[in-house]
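Report on one structure; see the data block that follows.
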Amino acid sequence: MGLWPWLTGALLLLLLLVQLSRSARFYAKVSLYCALCVSASTLAAVICLLRHGGRTVENLSIISWFVRTFKYVFGLRFDIKGRQKLEVDHPCVIISNHQSILDMMGLMEALPKRCVQIAKRELLFMGPVGLIMYLGGVFFINRQRSRTAMTVMADVGERMVRENLKVWVYPEGTRNDNGDLLPFKKGAFYLAIQAQERSGWRCWMPSPPVASPSLMSPSLWIAATRP
């Protein structure tokens, strides 16, 4: 017996599981999401290199366009409230929590102009995904070496003022899907204070943190520097 009958049977079994099991549907969609991330990252990296020649925050408009198309594949619609709070023409630190890899779709819907993220260094080595993050200007932190991380944060604070950047930070330091908040790391607040000292702006917290486990990217609660 050839290989094709086995592949056909496995595909039919997979389709049956997807129809009958909610868990199977979820993992099938996550697998599709990962495949989209890899393929979109590869294509976006080529366009970014041709358009801008290398690493720059300007590549984020290209990257976000690709990620925003994912919602049509999954039949999603995003309703973003308070977007105007992020559309400011000065540096700021934006803080949100992080539940899963799917959060990226929601983040790219809300991402303001000239906004870069801080991410763990391990993501840099994830093939095309790491490459496109690098080209988009993401700052990578080695969480195992606090001194190195502090040096990176100091550089971020200097560049966000010099280049008028917004910085998006996950202060819990890791993904958290239990519906509660983990203790915050101090880096985001040091970054806001550093930007305040360099620019003369004051720190600003418009509303207390609120988390809802029913939402994809449930909390976005601090824009940390305002004139």
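The values are calculated or read from the model by the stated rules, or taken from the named source; none is laboratory data. Source: prediction; values computed, not measured. With ideal geometry, Cβ positions are generated from the backbone for all residues, glycine too; neighbour counts draw on all protein chains shown. These accessible areas exclude ligands, DNA and RNA; they are computed on the full protein's heavy atoms, side chains included. Shrake-Rupley method; radii C 1.70, N 1.55, O 1.52, S 1.80 Å.
Below, the figures for the structure above:
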quantity: Label-point gap, in nm, between Lys120 and Ile193 - each point 7 angstrom along Cα→Cβ; calculated: 2.6
quantity: Within the range 37-149: Cβ-based charge dipole about Cα centre, in debye rounded to nearest 20 (Lys, Arg +1; Asp, Glu -1); calculated: 240
quantity: Mean Cβ count within 10 Å, highest first, over the residues of peptides 138-145, 72-79, 97-104, 162-169; calculated: 162-169, 97-104, 138-145, 72-79
quantity: Qualifying lysines (Cα of each under 16 Å from Cα of Lys185; at least 8 residues distant if same chain); calculated: Lys120
quantity: Carbon plus sulfur fraction of accessible area for the range 84-160, probe 1.4 Å, in percent; calculated: 57
quantity: Whole-number accessible area per residue in Å² for the range 35-179, which is evaluated in the context of all protein chains at 1.4 Å; calculated: 52
quantity: For Cys115, distant residues with modelled amide H under 5 Å away; calculated: Lys166
quantity: Cα-centre dipole for the range 26-87 with unit charges at Cβ (Lys and Arg positive, Asp and Glu negative), debye to 20; calculated: 180
quantity: Approximate spin-label separation Leu49-Ser146, in nm, with each point projected 7 Å along Cα-to-Cβ; calculated: 3.9
quantity: Subset of Lys29/Lys186; Lys29/Lys81; Lys81/Lys186 violating a 29 Å alpha-carbon distance limit; calculated: Lys29/Lys186
